[in-house]
Amino acid sequence: MAMDEMNEVRDFDEDIKDRKALIEEAMQLDLSKEWNEVASAVMSLKKRWKRIYYWESAYEDELADEFDRMIDAFYAKRKEGFQNIQKAKQELIDRAQVLAKSENWNQATDEMNELMRQWKAVGSAGKETDDQLWEAFNEARNAFFDRKRQNWEERKAKSVNAQQVKKELIKQAAALADSEEWQKTGDQLRKLMEEWKNAGFAGKEIDDQLWNEFNETRQKFYDRRSAAYDEIHQRQQQNAEKKKELIAQAAAIVALKEYNRENTDQMKKLNGLWKEIGSCGKEKEDALWKEFRCAADDYFAGLKQFNEQKHNDWIKRMQEVRNRKMELIQAQQRQLKWMKNELPTLLSQTAADEMAEDIKDKEEFIQELENDLAEINEKLGVGVKK
């Protein structure tokens, strides 16, 4: 064999060896790696393949078909990968578009950042597709962050207003802190509290500070009111004990059933003392007053009955006296009539003078009796009968 033929065979064998080596490299491609990295390796293989001399042999064609199958497998795999990446990125876009409407700013921001991290990690779906997908993804992100920025600006404006409102509420609360109109001021502070809640957020740095100042001012009043109420309750308890003692004294007087001036004056005195003691709280006051009033009513009802009986006894006695007076007057008048009838019959002047003196005494006595009777009739409210 001539030297040129030998070189030609040797070059053919070397080219076949090189092509097989490229096929082996193609078989060893790690398609799990980044597509750009693998694509660079594939392009390198293709360039190196093209640089090998083509001898126009059937065996070379077989090797070329095998190499092309390897390359086509890569592109098919890459196409499938691009489709999967496109699908993954579309899912990220869909989620970003949902988040773009969220008002849960902190959570949505964290999730948006996580979507961005996933976007970078998911890989490329091809430049043209990537550009289209990125435009949609970035539009959703920008829509969210624009809304977030606008919300922040609005909240900042509101926080400035809230600061002013809350500072004014603190001033109003401070003006009420020393008040002793417990009920009225308590109502006013509750109203200020409602206004505080409606004032909005004044900003993280100052809101807690403002609240502490406002609450301390409110608490100053509530502490004073609590101390005052404790004192009032203590005083009311003392008043209740005093009134229970008055009830016991009134009940003791009632139990005696002795209706005299001393007991009556004492009952009146107890009533005056009751008024001087002061309140013991509405609930206790009503119950204790009912008990005391019941004892007082019992006594004065008994006193009324006693006085009525005493009055009736007096009327009865006066009527008896009146009847005796009337009987006595009638008897005296009969005697006077007899004496006047006898006077003319007397023969002795001395006897006549004595009789005339007796008649005069009798008439004076009858007049005294009639005066007494008139006085009795006046007391009894009846006409004088002569």
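The values are calculated or read from the model by the stated rules, or taken from the named source; none is laboratory data. In this text the structure is predicted, and so the values were computed from the model without any measurement. Note: ideal-geometry Cβ built from the backbone for every residue, glycine included; neighbour counts use all protein chains shown.
Is it fair to say Lys269 is touching a Phe, Trp or Tyr at 6+ places or on another chain (Cβ under 7 Å), surrounded by 12 or more Cβ atoms within 10 Å (Cβ to Cβ) and either within 30 Å of Leu176 (Cα to Cα) or of a type in the set (D, E, K, R) (or both)?
So Lys269 fails the test.
Do we find that Glu135 is of a type in the set (Asp, Glu), part of a loop (DSSP other than H, G, I, E, B) and out of contact with any Asp or Glu (no Cβ under 8 Å at 6 or more places or on another chain) in this structure?
When the stated conditions are applied, Glu135 does not pass them.
Out of the residues in region 102-120 that are within 35 Å of the chain's Cα centre (by Cα) and not polar (S, T, N, Q), which is farthest from Gln150 (Cα to Cα)?
So the residue we want is Ala108.
May I ask you to list the residues in region 274-284 that are surrounded by 13 or more Cβ atoms within 10 Å (Cβ to Cβ) and either over 13 Å from Leu246 (Cβ atoms) or in contact with a Gly (Cβ under 6 Å, 6 or more places away or on another chain) (or both)?
Ser279, Gly281, Lys284 - these are the residues of region 274-284 that are surrounded by 13 or more Cβ atoms within 10 Å (Cβ to Cβ) and either over 13 Å from Leu246 (Cβ atoms) or in contact with a Gly (Cβ under 6 Å, 6 or more places away or on another chain) (or both).
Assess whether Ala248 counts as being exposed (fewer than 15 other Cβ atoms within 10 Å of the Cβ), more than 22 Å from the chain's Cα centre (by Cα) and more than 30 Å from Ala108 (Cα to Cα).
Against the criterion (exposed (fewer than 15 other Cβ atoms within 10 Å of the Cβ), more than 22 Å from the chain's Cα centre (by Cα) and more than 30 Å from Ala108 (Cα to Cα)), Ala248 qualifies.
Give the residue, chosen from Lys275, Lys244, Lys284, that is in a helix (DSSP H, G or I), over 18 Å from Leu303 (Cα atoms) and free of Cβ contacts under 8 Å to residues at least 40 places away in the same chain.
Among Lys275, Lys244, Lys284, only Lys275 is in a helix (DSSP H, G or I), over 18 Å from Leu303 (Cα atoms) and free of Cβ contacts under 8 Å to residues at least 40 places away in the same chain.
Somewhere in region 249-262, is a residue in a helix (DSSP H, G or I) and under 30 Å from Ser179 (Cα atoms)?
Looking for residues that are in a helix (DSSP H, G or I) and under 30 Å from Ser179 (Cα atoms), one finds none in region 249-262, hence no.
Among the numbered conditions (1) under 22 Å from Lys379 (Cβ atoms); (2) in the same structural domain as Ala374 (by TED's automatic domain parsing); (3) in contact (Cβ under 8 Å) with a residue 24 or more places away in the chain, tell me where Ile315 comes up short.
Condition (2) is where Ile315 drops out.
Lys268 is checked against (1) assigned by TED's automatic domain parsing to the domain that holds Lys362; (2) farther than 26 Å from Lys379 by Cβ and fails just one. What number does that condition carry?
The single condition Lys268 does not satisfy is (1).
Answer yes or no as to whether Ala331 is at pLDDT 90 or above and farther than 30 Å from Ile366 by Cβ.
When the stated conditions are applied, Ala331 does not pass them.
Of all residues in region 34-71 being β-branched (Val, Ile, Thr) and in a helix (DSSP H, G or I), which is surrounded by the most Cβ atoms within 10 Å (Cβ to Cβ)?
Val42
Is one or more of the residues making up region 182-201 modelled with pLDDT under 85 and over 30 Å from Tyr229 (Cβ atoms)?
Yes - at least one qualifying residue is present in region 182-201.
Can Tyr222 be described as out of contact with any Leu (no Cβ under 9 Å at 6 or more places or on another chain), more than 30 Å from Glu153 (Cα to Cα), of a type in the set (Phe, Trp, Tyr) and part of a helix (DSSP H, G or I)?
Answer is no for this residue.
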